[in-house]
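Some notes on the structure that comes next.
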Amino acid sequence: MPTLADIIAAPWGIEQVSGTPELEVRWMLEDLLEKPSSYLLSHSTDELDAALFERFRNKVKRRLTGEPLAYVLGHCGFWSLDLNVSPTTLIPRPETELLVELAIQAYPNQTNINALDLGTGTGAIALAIASECSLWKITATDQSEKIIEVAQSNAQLNCINNVRFGVGSWYQALQGVEAHSKQGSQADDKFDLIVSNPPYIEPGDHHLNQGDVRFEPHSALVAQQNGLADLRHIIDHGQQYLKPAGALMVEHGYQQGGAVRTLFTAAGFRGVISHKDLAGHPRVTVGYLA
Ligand SMILES: C[S@@+](CC[C@H](N)C(=O)[O-])C[C@H]1O[C@@H](n2cnc3c(N)ncnc32)[C@H](O)[C@@H]1O
């Protein structure tokens with residue numbers, strides 16, 4: 001059987017789908033062996049046993065179809081967390097960390113904040129906030145049981161216990177929060193903060209046929225009305241669920257800043273402002289209840 005060094009040096013063809021082919025081979029091996037990266041150096045002459053080599057080759061085969069590495073590995077990094085992903089969940093994006101930063105900065109040193117993450121997917125936003133603000137009470141919801149199971153597994157994986165979960169469409173999910181809560185308490189009626197990264201890509205957008213997005217669930221990506229339907233619903237109904245002076249923060253497409261600010265203002269929000277991501281695009285819009 002080949003040694004670890006042989007496998008790392010072999011021409012697997014991953015450069016066809018990735019700019020960092022050798023790194024990806026190393027990550028797949030580390031995952032299969034359940035060892036840190038230093039192990040590959042110190043055991044480079046070890047042979048990989050036949051069963052593990054077969055599993056490695058299967059992962060390479062999947063990766064060569066263009067399937068995202070996060071799905072092939074079954075997990076990925078976001079903020080300081082390691083998160084399980086499944087084909088039912090979006091792979092969390094680095095630009096979404098802007099929403100996490102803004103949420104945390106909105107209430108510095110406050111402990112009794114009640115926050116809601118709508119469309120939590122892997123739980124990325126809710127769990128990242130929870131990992132920084134362990135005394136906040138956070139509710140995370142999504143539209144299906146299967147998705148919420150992934151988010152719950154991530155809360156466990158990262159030892160986070162101040163997030164409770166609900167299943168249902170947008171705000172309707174709040175009715176079922178109790179059943180998903182280990183704490184057994186009702187979701188508080190109103191929130192200081194609501195965050196969401198909802199689907200915002202227009203149906204038929206050419207990006208849907210490119211890269212990782214081809215493998216991700218359309219229900220996590222695509223929204224009607226030029227990509228604004230879910231944003232509109234969340235913004236229009238936000239007031240009902242926010243405390244006075246509460247904040248709503250949503251991620252959106254880089255060309256949707258103007259349209260989203262208009263929706264906030266029309267729904268009665270004050271202090272509406274769009275924040276730019278690292279690429280300089282308006283990415284997160286924030287508004288406050290009067
Ligand atoms: C763009 S993904 C964001 C996932 C995660 N918050 C993140 O940032 O990685 C949008 C999420 O909204 C959820 N979603 C779509 N329609 C929904 C609905 N009607 N009610 C609740 N969640 C919904 C999807 O299942 C998906 O998890």
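Bear in mind that the values in this text are calculations on the coordinates, not laboratory data. Everything numeric in this text was worked out from a predicted model, so none of it was measured. Cβ placement follows ideal geometry from the backbone for every residue including glycine, while neighbour counts extend to all protein chains displayed.
Adding -39500 (n - 2.57) for every DSSP H run of four residues or longer, then dividing by how many residues the chain holds, sets the calculated 222 nm ellipticity at -10500 deg cm²/dmol.
Along the axis of the charge dipole computed for the chain (Cβ charges of +1 for Lys and Arg, -1 for Asp and Glu, origin at the Cα centre), the listed residues V167, G119, Y241 are led at the positive end by Y241.
Summarising the label geometry, the points placed 7 Å from Cα in the beta-carbon direction at E22 and A229 lie 4.8 nm from one another.
The stretch between S134 and S37, if pulled fully straight at 0.36 nm per residue, gains 31.9 nm over its current Cα-Cα span. In angstrom, the C-alpha Rg and Dmax of the chain are 20.8, 68. Candidate cross-link partners of K243 among the aspartates and glutamates, defined by an alpha-carbon separation under 17 Å and a same-chain spacing of 8 or more, comprise D117, D188, D189, D192.
Among T89, T20, what is the fewest-to-most ranking by other Cβ atoms within 10 Å? Before the final figure, lay out each step's value.
Working: T89 27, T20 12.
Going from sparsest to densest Cβ surroundings: T20, T89.
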